[in-house]
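Where a number appears in this text, it was derived from the coordinates with a stated rule and is not lab data. Fair warning: this is a prediction, and the values are worked out from it, not measured in the lab. All Cβ positions, glycine included, derive from the backbone under ideal geometry; neighbour counts span all protein chains shown.
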Amino acid sequence: MAFCLAAALGGGAGSAWAVEPALWLDGDRPGAQAQQAVALLADAAADGLEPRDYDAPALQRAIGAAATGPAPEPAVLARLDAALTAAMQRYLADLHAGRIDPRQIHAHFDLPRGAVFDAAATLRSAVAAQRLPEAVSQTAPRLPLYASLRQALADYRALGEHAAWQEKLPPPPANKLEPAQPYRGLALLVQRLQALGDLPADAPVPMGYEGPLVEAMRAFQRRHGLADDGVIGQATLAALNVPPAQRARQIALTLERLRWTPLLQGPRMIVVNVPEFVLRAYETRGDRIDVKLEMKVIVGRALDTRTPLIDEDMRFIEFSPYWNVPPSIARAEIVPRLRRDPAYFQQQGFEFVARDGQVSATLGTAQLEAVLRGEQRIRQRPGPANALGDIKFVFPNNDAIYLHHTPAPRLFERDRRDFSHGCIRVQEPVALARFVLQDQAEWTEARLREAMSQGVSRTLRLDPPVPVLIAYATALVKNGRLHFFPDLYGHDRLLDQALRRRPAWSAGVSP
């Protein structure tokens with residue numbers, strides 16, 4: 001059946017349509033840039049977008065029919081031109097800043113700072129200069145990570161029909177496979193690790209689980225946020241059995257996040273990636289990111305005290321800080337503990353602070369009842385037992401979240417590190433302070449350590465402040481290798497749901 005252009009556009013020559021300057025016509029036909037535009041819309045999936053969101057299939061057919069069939073009437077051409085323009089503007093806007101408001105999924109930071117993106121002006125300029133592909137490329141986030149993940153998305157989509165995933169790996173004997181043990185799934189395991197690049201393509205299938213295969217498994221575990229012991233337990237087997245299509249979706253969700261995650265705000269930044277349990281401090285020069293510092297962190301418990309995703313400026317450092325116990329923690333944990341074990345009060349260096357600022361270091365039933373009524377609060381004096389350690393990095397925010405040291409550094413040895421009440425504990429506080437204060441030569445490492453050990457609370461104002469971003473990415477490319485992390489707080493699931501719930505949009509072209 002012949003393709004009916006007028007019907008596809010939802011009307012005929014008599015239909016009303018706003019008159020706009022034509023962008024895509026060459027005389028009475030769509031020009032070469034119209035063909036270029038629909039090809040770009042059809043390729044939107046390369047960036048993790050959905051071509052159907054821009055009516056790409058219908059527009060391709062309509063443009064093709066208008067270019068090769070009987071000459072359409074002027075009103076029909078005008079409608080087609082306007083439909084393609086609307087689709088391209090939507091595509092550019094989505095590619096630049098994402099498809100949803102990040103606050104829909106509990107990300108408390110604002111949309112990227114800077115000039116508002118004008119999709120219409122960008123499109124007109126690109127068509128006038130006949131540089132449409134270049135304009136599309138420059139509209140996407142100009143981050144090395146974005147480009148790397150975009151390639152990774154293509155790679156994992158290509159693995160979708162690979163023979164290595166046509167069946168699941170069998171469970172190992174006794175639910176755990178250790179080096180030197182036999183395993184009936186060795187051939188499939190070798191094939192899968194070769195396809196993923198963890199094992200050389202020419203590696204033979206060994207007689208048992210040993211040698212290079214174990215080393216390849218350790219590499220796989222490191223890339224998937226698992227303990228790299230080479231043992232295939234339940235968690236490792238589950239990660240091995242995740243199909244490439246599911247990993248591709250994980251990459252696409254991370255690309256979506258990168259469109260509205262403000263990673264290039266100034267010459268210096270501090271970024272915590274929550275599901276990775278890692279902090280990075282870096283300098284930016286144009287689109288280039290130079291990581292100066294990387295360390296482990298401890299974040300809020302996934303079950304009940306999740307660290308929020310926020311974007312604020314670090315304005316203060318507190319040496320030997322007091323810990324003002326949040327009322328919720330005081331009621332749920334500290335007061336019951338003090339009732340069971342009164343000696344805990346002195347051991348931890350607690351004191352009571354009344355509304356008028358009066359301080360009492362005496363424990364009594366009346367004080368505990370006053371805390372429960374909200375008439376007094378509990379705080380912990382500076383010292384070796386202080387929950388914040390000996391330094392606190394403050395970026396004022398509505399959630400009262402900050403970075404701080406900890407008197408329990410052993411927890412940094414864990415692979416999964418969600419143990420806090422929401423604030424973020426840093427593994428190397430002196431190194432972080434030196435990064436923040438690098439323009440103030442008088443703050444040497446020795447002076448920092450002295451200020452941290454004095455036991456006297458002191459606040460230092462930062463000028464200029466340093467942007468801090470608490471972000472969430474479950475797929476990253478590090479040192480040229482793709483890494484995945486568990487969806488710790490379920491934010492990927494929420495983002496996926498939000499994207500699938502978006503109302504349908506049409507450029508005005510019917511299939």
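Annotations for the structure displayed:
- The chain: radius of gyration over Cα atoms, expressed as a fraction of 2.2 N^0.38 Å: 1.22
- Spin-label model distance (nm) - Glu50 vs Asn175, 7 Å beyond Cα toward Cβ: 3.8 nm
- One chain, two ends: Glu215 and His106. Fully extended at 0.36 nm per residue, the span grows by 35.4 nm beyond their Cα-Cα distance.
- Ellipsoid semi-axes in whole angstrom, largest first, where each is sqrt(5λ) of the Cα gyration tensor of region 434-511: 47, 17, 15
- Order of Ser137, Ser328, Ser148 under a 10 Å beta carbon neighbour criterion, fewest first: Ser328, Ser137, Ser148
- Glu442-Asp313 FRET efficiency (beta carbon distance; Förster radius 22 Å; 0.05 resolution): 0.50
- About the Cα centre, charge dipole magnitude for the chain (Lys/Arg +1, Asp/Glu -1 at Cβ), debye: 980 debye
- Alpha-carbon radius of gyration plus Dmax, which is the widest Cα pair, for region 169-240 in Å: 10.7, 30
- Net charge, Ala451 excluded, C-beta distance under 13 Å - Lys, Arg +1, Asp, Glu -1: 0
- HN-Hα J in Hz across region 50-58 - Karplus 6.51, -1.76, 1.60, θ = phi - 60°, x for Gly and Pro: 10, x, 5, 5, 10, 6, 4, x, 5
- Once both labels are positioned 7 Å from their Cα atoms along Cα-to-Cβ, the gap between Arg124 and Trp505 label points is 2.0 nm.
- Cα pair distances in region 173-306, grouped into 10 Å bins until the bin that holds the longest one, percent each: 10, 30, 29, 22, 9, 1
- Using C-alpha pairs under 8 Å with a sequence gap of at least 6, the mean separation divided by the residue count of the chain gives a relative contact order of 19 percent.
- Degrees between helix 119-128 axis and first principal axis of the chain (Cα, 0 to 90, nearest 10): 40 degrees
- One Cα centroid belongs to region 328-402, the other to region 256-288; the line between them spans 34 Å.
- Zone of Thr284's modelled label, taken as backbone nitrogen in region 449-481 under 11 Å from a point 7 Å along Cα→Cβ: 467-469
- Too-long pairs where the Cα-Cα distance tops 23 Å, listed order kept, from Lys176/Lys478; Lys168/Lys478; Lys292/Lys392; Lys296/Lys392: Lys176/Lys478; Lys168/Lys478
- Cut-off 15 Å between beta-carbons: net charge of the residues surrounding Gly211, Lys and Arg +1, Asp and Glu -1: -4
- Among His96, His421, sorting on how many other beta-carbon atoms sit within 10 Å of each Cβ, with the fewest leading, yields His421, His96.
- Angle between the chain longest axis and helix 491-500 axis [Cα atoms, degrees, rounded to 10]: 30 degrees
- For the chain, the longest principal axis of the Cα atoms and the long axis of helix 186-196 meet at an angle of about 80 degrees.
- Karplus (6.51, -1.76, 1.60) ³J(HN,Hα), θ = phi - 60°, over region 309-324, in Hz, Gly and Pro reported as x: 8, 9, 9, 9, 9, 6, 10, 9, 10, 10, 8, 6, x, 6, 10, 7
- From the alpha carbon centroid of region 475-511 to that of region 128-192 is 16 Å.
- For region 346-495, the spread of Cα positions along the three principal axes, ordered from largest to smallest, is 59, 45, 30 Å.
- Using θ = phi - 60° and Karplus 6.51 cos²θ - 1.76 cosθ + 1.60, couplings along region 433-448 (whole Hz; Gly, Pro as x): 4, 5, 5, 5, 9, 5, 8, 10, 4, 5, 8, 6, 4, 4, 5, 4
- Look at the alpha carbon pairs under 8 Å that are at least 6 residues apart: their mean separation over the length of region 323-381 gives a relative contact order of 47 percent.
- Value of Rg to Rh for region 323-381 (Rh from inverse mean 1/r over Cα pairs, i.e. Kirkwood): 0.90
- Modelled spin-label separation between Arg222 and Asp26, with each label point placed 7 Å from Cα along the Cα-to-Cβ direction: 5.3 nm.
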